[in-house]
Amino acid sequence: MADNGDDEDHYRIKEGDYVVLKRGEIYKSVQILPKKKVIFEKQWIFLDNVVGCLYGNTFEIRSGGGLQLQNTKTTESPPDSKVAGTDNRNIIDDGKSQKLTKDDIEKLKDQGLKGQEIVQQLIENSATFSNKTEYAQDKYIKKKKKKYENTVTVLRPTCRILAMMYHGREPGKICHLRYDTLAQMLTLANIHANSKVLVFETCAGLVLGSIMERMGGHGTVVQMFPGGGPVRAGVESFGFPARFHETLHEFPICHLNALEAGTLDTFAKDPDAGEKESNMTAEEEEVLPGADPQGDSPEEQRMETVSADDKVQDQKKREEEKRREAKAQEKKVKQEEKQRKLAAAAARLDGRNADGLVIASRFHPCPVLLRLLRFLSPSRPFVVYSQYLEPLIECYTKLKEQGGAVSLKLTDTWLRHYQVLPNRTHPRLLMSGGGGYLLSGTTVAPEPPAGSTPGEEPAPKRQKLKATEG
């Protein structure tokens with residue numbers, strides 16, 4: 001029974017968890033914090049009441065921004081007992097068919113009517129609703145529910161949901177990477193637990209988080225990043241536990257040359273060592289005078305008569321020095337931690353035995369791909385994503401010329417959504433035009449130099465000739 005309780009707690013929302021709010025096709029990732037206002041679809045809401053509820057529940061937004069768990073019975077649409085028309089030819093959209101005005105609808109809201117009740121009022125006060133066809137009536141009800149039902153669904157963040165969220169809200173941040181393309185990348189790169197994967201991405205951490213989710217906190221992920229530091233906003237939205245982050249390592253791609261040459265400096269240096277030496281030199285110069293001191297000079301008499309204001313200033317100076325030393329110590333600790341992480345990532349790259357490589361970046365992938373392929377073991381998969389076709393064609397040509405890779409495939413991802421309804425099954429009218437392009441392949445061991453092969457072979461033996469008489 002205890003195990004069942006633990007499993008149930010795993011599916012319940014807890015304070016501090018990252019969740020995804022959903023309304024229709026709109027998604028937003030937020031963190032559950034007490035008494036924190038969250039803006040979702042131009043509304044202020046509080047998420048305190050969702051703590052302890054199960055993921056996937058739908059909540060009604062009350063006045064004041066509070067959430068109340070919606071009853072499953074109210075979510076069901078009322079039975080359609082009205083008579084439907086045969087066609088819509090005689091219906092004229094002149095704006096006069098609805099008896100309720102905007103002020104009347106606002107009064108209904110002030111009276112506390114729910115969205116379902118408001119929709120029912122709109123149906124009853126519509127002069128043309130009964131003349132519409134059954135399909136048109138369903139479309140009308142669906143449209144009004146979307147407008148007046150004030151609900152929000154709380155979901156657990158997954159790579160599919162977050163990919164849909166980014167692609168719908170800010171596709172430029174993830175290089176227009178669609179969720180079906182992301183699924184193909186994880187499959188082609190053979191991402192699984194207890195593997196070592198190299199990742200180079202500039203998709204706000206979405207690809208990195210998806211790989212970590214697929215590995216389940218087992219294995220090693222080395223993130224190669226450009227610039228001063230990695231961007232992991234998408235990784236935070238997954239809400240991984242601490243053990244997942246222990247498998248993640250980071251390595252700046254600008255240090256690859258030093259790593260391959262064996263000149264990478266992974267020892268922490270004190271950034272304030274030079275300042276301390278200069279300060280010590282200045283203090284020594286102040287302590288050691290340049291000339292012989294005089295016994296009863298006027299300066300010594302002034303030093304003996306220190307005023308109260310000078311003592312206060314000395315106290316302030318000492319406090320300032322303490323703050324400066326604490327700041328320097330904190331900076332030193334951060335520098336040591338950074339160097340320690342760099343050394344750990346370099347140790348995992350030195351073996352050149354990675355199990356997979358994933359590249360999804362706004363930069364040109366060709367130079368990055370050729371450099372990182374050296375750190376993969378033979379017979380290991382790699383996949384490169386690009387929003388455009390031409391960079392991947394160049395990568396394909398380079399790999400064909402220099403070798404080291406087989407089973408090269410350049411594919412275009414395409415996705416179409418279908419509406420599946422009785423007598424109305426057809427492709428959606430609006431769909432994504434393209435999901436980018438993928439280059440995948442498998443590494444192989446490099447061939448030995450051409451001149452070394454014949455020299456290593458043993459010389460052929462001469463056949464012995466038998467002596468013949470006569």
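To the nearest 0.05, what FRET efficiency results for Lys316 and Tyr18 with a Förster distance of 56 Å applied to their C-beta separation?
Numbers: r = 44 Å, r/R0 = 0.79.
Given R0 = 56 Å and the Cβ-Cβ separation, E is 0.80.
Express the carbon and sulfur contribution to the solvent-accessible surface of segment 317-439 as a percent, rounded to the nearest whole number, probe 1.4 angstrom. Show your work: numbers first, answer last.
On the way: 3980 of 7810 Å².
Result for segment 317-439: 51 percent of the exposed heavy-atom area is carbon or sulfur.
Can you compute 3J(HN,Hα) from phi for each residue in segment 254-262, using the Karplus curve 6.51 cos²θ - 1.76 cosθ + 1.60 with θ = phi - 60°, rounded to whole Hz and x for Gly and Pro?
6, 9, 5, 4, 5, 5, 6, 7, x
For every other residue with a beta carbon closer than 13 angstrom to the beta carbon of Val235, add +1 if it is Lys or Arg and -1 if Asp or Glu, then tell me the sum.
Working: positive: Arg232; negative: Glu201, Glu213, Glu236, Glu250.
Every neighbour counted, the sum reads -3.
In segment 336-399, with Lys and Arg counted as +1 and Asp and Glu as -1 at Cβ, which of these residues, Cys395, Ala346, Phe363, has the Cα nearest the positive end of the dipole, that is, farthest along it?
About the Cα centre, the residue reaching furthest to the positive side is Ala346.
Over segment 139-190, what percent of the accessible surface lies on carbon and sulfur atoms, probe 1.4 Å?
53
Along segment 13-26, what does the Karplus equation 6.51 cos²θ - 1.76 cosθ + 1.60 (θ = phi - 60°) give for ³J(HN,Hα), rounded to whole Hz, x for Gly and Pro?
Rounded to whole hertz, the list is 7, 10, 5, x, 6, 8, 10, 10, 8, 9, 9, x, 9, 9.
Can you tell me the accessible area per residue over segment 86-213, all protein chains present, probe 1.4 angstrom, in square angstrom? Working shown, then result.
Working: 6740 Å² over 128 residues.
Per-residue accessible area for segment 86-213 comes out at 53 Å².
Determine the alpha carbon to alpha carbon distance for each of Lys96/Lys144; Lys196/Lys400; Lys37/Lys173; Lys14/Lys114; Lys28/Lys109 and list only those over 19 Å. List each step's numbers first, then the result.
Values: Lys96/Lys144 17 Å; Lys196/Lys400 26 Å; Lys37/Lys173 25 Å; Lys14/Lys114 28 Å; Lys28/Lys109 26 Å.
Violating the 19 Å Cα-Cα cut-off are Lys196/Lys400; Lys37/Lys173; Lys14/Lys114; Lys28/Lys109.
For segment 322-372, with equal point scatterers placed on the C-alpha atoms only and solvent neglected, what are the log10 I(q)/I(0) values from the Debye formula at q = 0.18, 0.25 1/Å, to two decimals?
-0.76, -0.96
Would you mind checking the radius of gyration and Dmax of segment 141-223 based on alpha-carbon positions, in Å?
Here Rg and the maximum Cα pair distance are 16.0, 52 Å.
Across segment 141-158, in residue order, what do the Karplus-derived ³J(HN,Hα) couplings come to in whole Hz, using 6.51 cos²θ - 1.76 cosθ + 1.60 with θ = phi - 60° and x for Gly and Pro?
Result, rounded to whole Hz: 5, 4, 5, 6, 5, 4, 7, 10, 6, 9, 10, 8, 10, 9, 10, 7, x, 10.
Send over the per residue convex hull volume for segment 9-118, Cα only, as a whole number of Å³. All intermediate terms of the calculation are to be shown ahead of the outcome.
On the way: hull volume 18.4 nm³, N = 110.
Measuring per residue, one finds 167 Å³ for the Cα hull of segment 9-118.
Mind putting together the pair-distance distribution for segment 340-417? All Cα pairs, 10 Å bins, whole percent per bin, short to long.
Calculated over all Cα pairs of segment 340-417, the distribution is 16, 46, 27, 10, 1 percent.
The values are calculated or read from the model by the stated rules, or taken from the named source; none is laboratory data. In this text the structure is predicted, and so the values were computed from the model without any measurement. Ideal geometry is used to build each Cβ from the backbone, glycine not excepted, and the neighbour counts take in all protein chains shown. Remember, those area values only see protein heavy atoms, side chains included, never the ligands or the DNA or RNA. Shrake-Rupley method; radii C 1.70, N 1.55, O 1.52, S 1.80 Å.
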